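Visitor: Structure in structure tokens, see below.
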Amino acid sequence: MKRIYMDNNATTAVRPEVLDAMLPFYREHFGNPSSIHWAGRETGAALEAAREKVAKLINCSPAEIVFTSCGSEGNNLAIKGAAEALRERGNHIITTAVEHPAVLSTCKYLEKHGYEVTYLPVDGDGMLDIVALEAAITEKTILVSAMWANNETGTLFPVDKIGAVARNHGICFHTDAVQAVGRVPVDVEAAKVDLLSISGHKIGAPKGVGALYVRKGIRLVPLIHGGHQERNRRGGTHNLPGIVGLGVACDLAGRDLPEVSQRLRRLRDRLEQGLLAAIPESQVNGHPSERLPNTLNVSFNYIEGEAVLLFLDMQGIAASSGSACMSDAFGQSHVIDAMGVDPMMANSAIRFGLGYDNTCEDVDRVLEILPAIVKKLRDMSPFYHE
Amino acid sequence: MKRIYMDNNATTAVRPEVLDAMLPFYREHFGNPSSIHWAGRETGAALEAAREKVAKLINCSPAEIVFTSCGSEGNNLAIKGAAEALRERGNHIITTAVEHPAVLSTCKYLEKHGYEVTYLPVDGDGMLDIVALEAAITEKTILVSAMWANNETGTLFPVDKIGAVARNHGICFHTDAVQAVGRVPVDVEAAKVDLLSISGHKIGAPKGVGALYVRKGIRLVPLIHGGHQERNRRGGTHNLPGIVGLGVACDLAGRDLPEVSQRLRRLRDRLEQGLLAAIPESQVNGHPSERLPNTLNVSFNYIEGEAVLLFLDMQGIAASSGSACMSDAFGQSHVIDAMGVDPMMANSAIRFGLGYDNTCEDVDRVLEILPAIVKKLRDMSPFYHE
Amino acid sequence: MYSEKVIDHFTNPRNVGEIENADGIGEKVSSSCGDRMKVFLKVEDDIIKDIKFQTYGCGAAIASSSMMSELVLGKTLQEALDLTNDQVADALGGLPAPKLHCSNLAADALHEAIKNYRAAKV
Amino acid sequence: MYSEKVIDHFTNPRNVGEIENADGIGEKVSSSCGDRMKVFLKVEDDIIKDIKFQTYGCGAAIASSSMMSELVLGKTLQEALDLTNDQVADALGGLPAPKLHCSNLAADALHEAIKNYRAAKV
Ligand SMILES: Cc1ncc(COP(=O)(O)O)c(C=O)c1O
Ligand SMILES: Cc1ncc(COP(=O)(O)O)c(C=O)c1O
Ligand code: FES
Ligand code: FES
């Protein structure tokens, strides 16, 4: 049975060029880049070369890149770090109801420590209302954290407008761009971003590495105190193989982005239109146009998403319901919920995240299999009557 | 020119068996272990198998292992996490003057947030006085953080005694065992440890992975908030290849420890005795017997350590002065300083950290080269008169 | 994560559907996840002659419904009332901890159907 | 981290040693790191006929001393006084930022030696 992986918003396979570039750094060039001897010099140069590649992809200068261990660390460092550094100026943070748990639970944590957090609502397409953002700003507002692309629906926030509003009010702007970087063009200058989180394993780099963009002049209290690494912004010996991999993945993403995103968009649209046509009472969750090209979140009323996923899995097709990190918890996705989707519709939502390796045959196989699964489950459902 | 790497306290090469075990997890088994489909199931099993291996090496149960990205993260999570969780019981922390920067700068940070920290002194061998520890305890003491093995000198603290004192007083005990695990036997039950930090890249696993042992029942506020990973103690997608590598490295370390530590001790002693015999006015920094078997910290009066390291480096020999993380800073090591070593002697301290791959020839080459380097530098020194 | 038995019952659930003119109908909604199960009974001489179910829920809920129906078909009402949620889960070879509550739907809906059957007869 | 010139001067430092009965001796201790440099001069007709140094310090300090000695040997005292720390660092092909202060020792100790030579002559 051919295995079809369509869960690339959860994580991606490491690209072969990335792995090849990493391999020499495990056993041959393994020195600590902070060391003064040959073993450190070798890796020191590789560290800075990778930094330049990451910087280039998002249009910043290398010194503005802080390497982290994952997107969650980046989000925690950005939000806690900026909140603490700016504490004397205010205690109000604005975020949105549909952020990743790494942002939401960090904000909940800060609420226990004297910060006030506004969670902006979204509309039925998962879109943010920029007027509501402006209205939420008070003179105590020190930080806006709003994601670039939603991991569950793919909806793209108007980051440049958010950035302009924040800049106008002199407020620090963090964006969780873990799903956006490498999938859509990301330019920190154009979007007036101050802090931006990246995660390697969403773009063909390995798990265990990420980066935080920190605009020059933005103060940040470190999350991981320690040595002088990363200009005192992140302690710990550098994960050289991972960092080298992230560099190469950013390089490839920058090079391939126009072509790959167009190809994935075509596949995604084929999948979307095929499913909507074949399965009555189904709907897409997310913005019709302002959406990641690889993402399809779709609901089939009267049945439960997990059951659909299990049947897909038995046929070798890997998809997911919402964020992987939530899948051991119950109930609906907080994202679909916030969009005001009817609860039964929401419960049936499943997410396809297409990736570099997906083909047209993959899509056609899903189109062949999924309608029958939905029918079988609906026939079991007490809510469904043909 | 043969390259000789003797900086294994800074970082080690990944062992071949470890790398082999990791490789399938980059491109074949790359699923997110939190996912319910085949790609997640594959890695979920590997994640738990690795957890068992790490647990076995330090004699704890797998549920007590939290995977981290490095030793520094583990130290930050342990100290900040426990300090905050225990805040209502008190605000006093006891640590030592010779801890790694990841512990010391975390404590300095907490001092800015209402905590009081006692930095216990050490004697001329870098040894902790257990009576001084007892004397420092107040009714507000909530945490003791004392390292198992010092990274610069190799001195081993009497962890079991510290653990007994802490347990008697009902105080949480964290130990930074980054240099100890895999090099000397570590048993969290025998030592009555509550929190213990491990770093992969010091024991033949890759950079970018570590673990924190958290005794059952010990409450900890997370450092990286996010999804439900690691029983809510550490958010972020698991670094599967790294974690698998850490598991295998722990397995190998447990298996080989008696043989390897004996072999390295013999090499280290040969190096130590050879240098002391060949170079007058030299001394060992660290405890004569209670010391990591692989570590030699040695001073050659009248000259500067960095100059010695540069000459060694030109001959292909990688050693270091103190902790790599400090090597872009100036001045003496805070560890050697705290031992009360005369400043000029302290300035000349260099550290050899022997590792798995070192041979007797490696040691003999250092013995052949180093005395001449010291002589050359002494001949240049305004302080030296034969 | 799921045992083979769960997968089997989930993939090929036994006794799915409705019974027209059922003697007893029971329905249960999970308080923790909102999932729902409906049980239809045909009873003769206090014996369950036929049973069907409809389930809106996760894989564990569907498998539990199917297993429950198999366990009580042909049994007396008293035997059916003695069936516990734990027994359903055990018969499936166990369920992952976060999925244990799903098996609750099955026995509870069954008991509800029996109660309604008896109430209608009085 | 270090340029080839630094490595060359560090590995084979020129003019190391002492001059017996030197005409001028200067010494400088770094306030930032405690390292120390001593310069010995032999002067004839206001020209540096011989120069030797002793340095207790890092690689950059040793290379700076050596480069300084080479730069001023055979030069007039005035030319030697005009030599700046920056010129020493530049002649070495630059030094890494945290090591810039090390080159300060060299010119400073030289100027000290000239000062002492002149003071002794008076
Ligand atoms: C004693 C000790 N603690 C902590 C660390 C930090 O470990 P890592 O580099 O994995 O963050 C090190 C090594 O750098 C160490 O030697
Ligand atoms: C939008 C978003 N933010 C943050 C994260 C967290 O990234 P990581 O798993 O690398 O910690 C993810 C993915 O899990 C994500 O999709
Ligand atoms: S999650 Fe609702 S019944 Fe299983
Ligand atoms: S560090 Fe002291 S002179 Fe360079």
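Visitor: Mind listing the long-range amide H neighbours of C:Lys75? Cut-off is under 5 Å, sequence gap 5 or more, other chains count too, H placed in the peptide plane at 1.01 Å from N.
Guide: C:Ile48
Visitor: Which whole-number percent gives the relative contact order of chain B, counting Cα pairs below 8 Å spaced six or more residues apart?
Guide: Details: 792 pairs, mean separation 89.6, N = 386.
It rounds to 23 percent for chain B.
Visitor: How far is B:Gly170 from itself in the other copies, in nm, if each label sits 7 Å out from Cα along the Cα-Cβ line, shortest first?
Guide: Those separations, rounded to one decimal, come out as 5.0 nm.
Visitor: Something else: Could you please point out the chain D residue with its Cβ nearest to the axis of the rotation taking chain D onto chain C, and the distance in whole angstrom?
Guide: Value returned for chain D: D:Met1, 26.
Visitor: Now for a different question. For chains A and B related by rotation, which residue of A has the Cβ nearest the axis, and what is the rounded distance in Å?
Guide: Result for the axis mapping A onto B: A:Ser69, 2.
Visitor: Something else about it: Please list, in order, the residues from segment A:181-195 whose amide nitrogen is less than 19 Å from a point placed 7 Å along the Cα→Cβ vector of A:Asp256.
Guide: In segment A:181-195, the label zone of A:Asp256 (backbone N under 19 Å from the point 7 Å along Cα→Cβ) covers A:181-186.
Visitor: Starting at the first residue of segment B:152-167, write each ³J(HN,Hα) from the Karplus equation 6.51 cos²θ - 1.76 cosθ + 1.60 with θ = phi - 60°, in whole Hz, x for Gly and Pro.
Guide: Once rounded to whole Hz, the list reads 8, 9, x, 4, 9, 6, x, 4, 5, 5, 4, x, 5, 4, 4, 4.
Visitor: What's the local net charge at D:Met37, with K and R +1, D and E -1, over the other residues with C-beta under 11 Å away?
Guide: Values: positive: D:Lys28, D:Arg36, D:Lys38; negative: D:Glu27, D:Asp35, D:Asp108, D:Glu112.
Net local charge, D:Met37 excluded: -1.
Visitor: Mind scanning B:Lys192/B:Lys216; C:Lys75/C:Lys99; A:Lys216/B:Lys80; A:Lys53/A:Lys80; A:Lys108/A:Lys140 and naming the pairs with a C-alpha gap bigger than 20 Å? Numbers along the way, then the final one.
Guide: Working: B:Lys192/B:Lys216 12 Å; C:Lys75/C:Lys99 27 Å; A:Lys216/B:Lys80 28 Å; A:Lys53/A:Lys80 27 Å; A:Lys108/A:Lys140 18 Å.
C:Lys75/C:Lys99; A:Lys216/B:Lys80; A:Lys53/A:Lys80, as the Cα separations exceed 20 Å there.
Visitor: May I pose another question? Check each of the GluC sites (Glu not before Pro) in segment B:95-162 and keep only those in coil by DSSP with at most 13 other C-beta atoms within 10 angstrom; list them in order.
Guide: Details: sites: B:Glu99, B:Glu111, B:Glu116, B:Glu134, B:Glu139, B:Glu152; in loops: B:Glu99, B:Glu139, B:Glu152.
Taking segment B:95-162 and a limit of 13 other Cβ atoms within 10 Å, the loop GluC sites (Glu not before Pro) found are B:Glu139.
Visitor: Further question: If you put a point 7 Å past Cα along the Cβ direction, how far is that point for B:Glu290 from the same point in each other copy, in nm, smallest first?
Guide: Spelled out, the distances from B:Glu290's label point are 6.4 nm.
Visitor: What residues qualify as long-range amide H neighbours of A:Thr118, i.e. H under 5 Å apart, gap of 5 or more or another chain, H built at 1.01 Å from N?
Guide: A:Ile93, A:Ile94, A:Thr95
Visitor: Could I ask something else about it? Could I have the simple spin-label model distance between D:Ala97 and D:Glu79, label points 7 Å from Cα toward Cβ, reported in nm to one decimal?
Guide: 3.5 nm
Visitor: Taking a point 7 Å out from Cα toward Cβ as the label site, list the nm distances between B:Val131 and the same residue in every other copy, smallest first.
Guide: The answer, with the shortest distance listed first, is 7.7 nm.
Visitor: Out of residues 5 or more away from A:Arg291 or on other chains, whose amide H comes under 5 Å of its own, with H placed 1.01 Å from N in the peptide plane?
Guide: Here the answer is A:Leu156, since their amide H atoms fall under 5 Å of that of A:Arg291.
Visitor: Something else now. Report ³J(HN,Hα) in whole Hz for each residue of segment A:181-187, in order, from the Karplus equation J = 6.51 cos²θ - 1.76 cosθ + 1.60 where θ = phi - 60°; Gly and Pro get x.
Guide: Values, residue by residue: 4, x, 10, 9, x, 10, 9 Hz.
Visitor: Which whole number gives the average count of other chain Cβ atoms within 10 Å of the Cβ atoms across peptide B:217-229? The partial results should precede the final answer.
Guide: Working: counts 0, 0, 0, 0, 2, 4, 6, 15, 15, 15, 12, 8, 5.
Other-chain Cβ atoms within 10 Å of each residue's Cβ, averaged: 6.
Visitor: Something else: Any idea of the total accessible area buried by the B-A contact, 1.4 Å probe, rounded to 100 Å²? It would help to have the intermediate numbers written out before the result.
Guide: On the way: alone 16570 and 16630 Å², together 27460 Å².
Its buried surface, counting both partners, is about 5700 Å².
Visitor: Each residue of segment C:13-18 in turn: what ³J(HN,Hα) in whole Hz from Karplus with 6.51, -1.76, 1.60 and θ = phi - 60°, glycine and Pro shown as x?
Guide: Going residue by residue, I get x, 8, 6, 7, x, 10 Hz, with x marking Gly and Pro.
Visitor: Per residue, how large is the accessible surface of segment C:1-121? Use a 1.4 angstrom probe and give square angstrom. Don't jump to the answer; show the numbers that get you there.
Guide: Details: 5230 Å² over 121 residues.
So segment C:1-121 comes to 43 Å² accessible per residue, rounded to a whole number.
Visitor: Hey, another quick one. Using a 1.4 angstrom probe on heavy atoms only, work out the carbon and sulfur share of the accessible area of segment C:4-121 in %. Intermediate results must be reported in sequence, preceding the final value.
Guide: Details: 2300 of 5060 Å².
Looking at segment C:4-121 in its full context, I get 45 percent from C and S.
Visitor: For the protein assembly as shown, which semi-axes, largest first and in whole Å, follow from the square roots of 5 times the eigenvalues of its Cα gyration tensor? Don't skip to the answer; put the middle values down first.
Guide: On the way: eigenvalues 798, 194, 120 Å².
Value: 63, 31, 25 Å, ordered largest first.
Visitor: Averaged over its residues, how many other protein chain Cβ atoms are within 10 Å of peptide A:71-84's Cβ atoms?
Guide: Working: counts 4, 9, 8, 2, 5, 7, 2, 0, 1, 3, 0, 0, 0, 3.
Taking all residues of A:71-84 together, the mean is 3.
Visitor: Right, next: Could you please report the charge total around B:Val18, scoring K, R as +1 and D, E as -1 over all other residues with beta-carbon less than 15 angstrom from its beta-carbon?
Guide: Details: positive: A:Arg27, B:Arg15, B:Lys53, B:Lys202, B:Lys207, B:Arg255; negative: A:Glu28, B:Glu17, B:Asp20, B:Asp251, B:Asp256, B:Asp357.
Taking every Cβ under 15 Å from that of B:Val18, the sum is 0.
Visitor: Let me spell out the model: positive unit charges on the Cβ of Lys and Arg, negative unit charges on the Cβ of Asp and Glu, origin at the Cα centre of the protein assembly as shown. What dipole size does that give, in debye rounded to 20? Walk me through the numbers on the way to the answer.
Guide: Working: 102 positive and 128 negative charges, 43 e Å.
Dipole about the Cα centre, nearest 20: 200 debye.
Visitor: Under 13 Å from the Cβ of A:Cys107, count the other residues' Cβ atoms, weight Lys and Arg +1, Asp and Glu -1, and hand me the total.
Guide: Details: positive: A:Lys80, A:Lys108, A:Lys112; negative: A:Glu99, A:Glu111, A:Glu116, A:Asp176.
Summing Lys and Arg as +1 and Asp and Glu as -1 gives -1.
Visitor: If you take the Cα Rg of segment C:4-121 and divide it by 2.2 N^0.38 Å, with N the number of residues, what do you get? Working shown, then result.
Guide: On the way: Rg = 12.9 Å, N = 118, 2.2 N^0.38 = 13.5 Å.
That works out to 0.96 for segment C:4-121.
Visitor: So, one more: Report, in whole Å, the centroid distance computed from the Cα atoms of segment B:162-221 and segment A:84-125.
Guide: Using only Cα atoms to place each centre, the spacing works out to 33 Å.
Visitor: Could you order peptides A:376-386, A:43-53 by the average number of other Cβ atoms within 10 Å of their residues, highest first? Walk me through the numbers on the way to the answer.
Guide: On the way: A:376-386: 16.3, A:43-53: 19.4.
Listed from highest to lowest mean packing, they are A:43-53, A:376-386.
Visitor: Also: Taking only protein heavy atoms into account and a 1.4 Å probe, give the accessible area per residue of chain A in Å². Don't jump to the answer; show the numbers that get you there.
Guide: Working: 12780 Å² over 386 residues.
Heavy-atom accessible area per residue stands at 33 Å².
Visitor: Which stretch or stretches of segment C:1-39 have amide N atoms under 18 Å from the point lying 7 Å from B:Asn232's Cα along the Cα→Cβ direction?
Guide: It comes to C:32-33, nothing else.
Visitor: Next up: When all protein chains stay in place, what accessible area (Å², nearest 10, 1.4 Å probe) is found for B:Asp160?
Guide: Its heavy atoms expose roughly 90 Å² to the probe.
Visitor: Roughly how crowded by other chains is peptide A:16-26, in terms of the mean Cβ count from those chains within 10 Å of each of its Cβ atoms?
Guide: Working: counts 2, 0, 2, 4, 0, 0, 3, 3, 0, 3, 12.
The mean count of partner-chain Cβ atoms within 10 Å per residue comes to 3.
Visitor: Something else about it: Compute the distance in nm between two label points, each set 7 Å from the Cα along the Cα-to-Cβ direction, one at C:Val29 and one at B:Asp187.
Guide: 5.7 nm
Visitor: Accessible area, 1.4 Å probe, largest first: how do B:Tyr356, C:Tyr117 sort?
Guide: Details: B:Tyr356 95, C:Tyr117 25 Å².
So the residues, ranked largest to smallest area, are B:Tyr356, C:Tyr117.
The values are calculated or read from the model by the stated rules, or taken from the named source; none is laboratory data. In this text the structure is predicted, and so the values were computed from the model without any measurement. Note that each Cβ is placed from the backbone with ideal geometry, even for glycine, and that neighbours are counted across all protein chains shown. Remember, those area values only see protein heavy atoms, side chains included, never the ligands or the DNA or RNA. Shrake-Rupley method; radii C 1.70, N 1.55, O 1.52, S 1.80 Å.
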